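The values are calculated or read from the model by the stated rules, or taken from the named source; none is laboratory data. Since the structure is predicted, the reported quantities are computational estimates derived from the model, not experimental observations. Cβ sites come from the backbone with ideal geometry, for glycine too, and all protein chains shown count toward neighbours. When the accessible area is computed, the model is the full protein with side chains, heavy atoms only, and any ligands, DNA or RNA have been set aside. Shrake-Rupley method; radii C 1.70, N 1.55, O 1.52, S 1.80 Å.
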Amino acid sequence: MSRFKVFIVGPSLKTQGGISSVNRVYIENFKDELNMKLISSYYGKSRLVDVLYFINSIVSVLFYCLTTKNAIFHLTSASRGSFLRKSMLARICKVFNKKVVFHIHGAEFDKFIESSGEKKKRSIIEFLKSVDKLIVLSEAWKSYFAKYVKPECMEVISNPCPFISEKYNGRKNKKLQMLFVGRMGQRKGTYDLIEAIRKLGSDKVQLQLFGDGDVIKVQEMVAQYGLDEIISVNGWVSHEQLLKLYDSTDLLLLPSYAEGLPMAILEAMGRGLPIISTNVGGIPEAVIHEYNGYIINPGDVEDLKNKIELFLKDADLIKIMGIRSLELSKEKFAIDSIKDKLKLIYKGLYSF
């Protein structure tokens, strides 16, 4: 039996998004061995419900601080409101001399820090220095935070790939089937993606978009360009449905302007998909240019179009790069390796 108790603090597993997906993997796969329990601090459906969730998380944190020896509070945070909630909870934990692991997922956390006023910026940095361990998603993020936090106080832990195929399964689609998963809008490059498809001018492609965000605006743009027969815009789907989509699709597209390490990319790699994405956050550590996909600059619509064309011209690329994606996911993002890294961090926080 573990000699520590880990409380994962983050959004409800019923919410959509990267942090919830990661926490779901943790709870479903590590709960027993790492002695984990989830404390939900956010739901995302309405302001009233969110306030009630946060109040409940404060009560829960106080209770476990008072009753649990060797408690570790692992807070998973984005920026802005998410940071405000998690930093408040973390300060409660420190009052009771409990160990705090602060896990940053926010795609724009650097902008959040640098755009804050001087007083607020100092407060954020002092907080990050005060936690027992800061977890970031990539070496690129570690390099950024090293300006403010000692490297030995940080650990790089990639997001885990929750469902890796045992072997590569080939696709036999007549058209190039492409997929986008995430919050639709400017940050994820959704509009650039539609522009690229318009410029491509081919009826040999199909693009499916799944997620939330600016769904209506995206639908209007698709209709305006007359791309209804090529692009379908959909809401979120269950993990079971998403798994089927990965297995039937040829290519994942995610031309983001800012990211941590997107779960959509890791999930797609685990199902043997090539990726076209951008050189932001930890993406270049997962998608190796011209190996298991292509990396472009954010906003470069012409290059995005050109990279899609490469798959149209050479269908063998789908298999070649897909196999490489699957191999990389097994090597770098398998659940067991992530679990072992977390276990070392937790054990290191207490001298048993």
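Table for the structure above
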| read-out | value |
| --- | --- |
| Which of Lys188, Lys86, Lys69 is most accessible, then next, and so on - probe 1.4 Å | Lys69, Lys188, Lys86 |
| Accessible solvent surface per residue of the chain, calculated while the other protein chains remain in place, 1.4 angstrom probe, Å² | 45 |
| Rounded if a/c under 1.5, otherwise prolate or oblate - the range 1-78, Cα gyration tensor axes | oblate |
| Exposure of Lys343 as accessible area (Å², to 10), given a probe of 1.4 Å and all protein chains | 70 |
| Heavy-atom accessible surface of the range 1-147: percent carbon and sulfur, 1.4 Å | 53 |
| Computed [θ] at 222 nm, helices only, for the chain once each DSSP H run of length n ≥ 4 contributes -39500 (n - 2.57) | -14000 deg cm²/dmol |
| Order of exposure, largest accessible area first, which applies to Arg198, Arg187 with probe 1.4 Å | Arg198, Arg187 |
| Net dipole in debye of the chain [+1 Lys, Arg Cβ; -1 Asp, Glu Cβ; about Cα centre; nearest 20] | 1560 |
| Accessible area in the full protein assembly, largest first, 1.4 Å probe, for Glu290, Glu33 | Glu290, Glu33 |
| Gaussian network model of the chain, Cα within-10 Å springs - most flexible of Ser130, Ser256, Ser116 | Ser116 |
| Choice from Val95, Val61, Val22 with maximal GNM fluctuation in the chain (Cα, 10 Å cutoff) | Val95 |
| For Cα extents along the principal axes in Å, calculated from these coordinates, the label among [x] 63, 41, 36; [y] 56, 48, 46; [z] 54, 47, 42 | [x] |
| For Leu344, solvent-accessible area (1.4 Å; no DNA, RNA or ligand), Å² | 130 |
| Alpha-carbon centroids, the range 305-331 and the range 103-153: separation in whole Å | 34 |
| The chain: most fluctuating residue of Lys217, Lys174, Lys244 per GNM, C-alpha cutoff 10 Å | Lys174 |
| The chain: DSSP helices with Cα axial extent of at least 20 Å and average Kyte-Doolittle hydropathy no lower than -0.5 | 47-67, 81-95, 316-332, 335-349 |
| Surrounding net charge for Ser138, when Lys and Arg each add one and Asp and Glu each subtract one, Cβ distance under 13 Å | -3 |
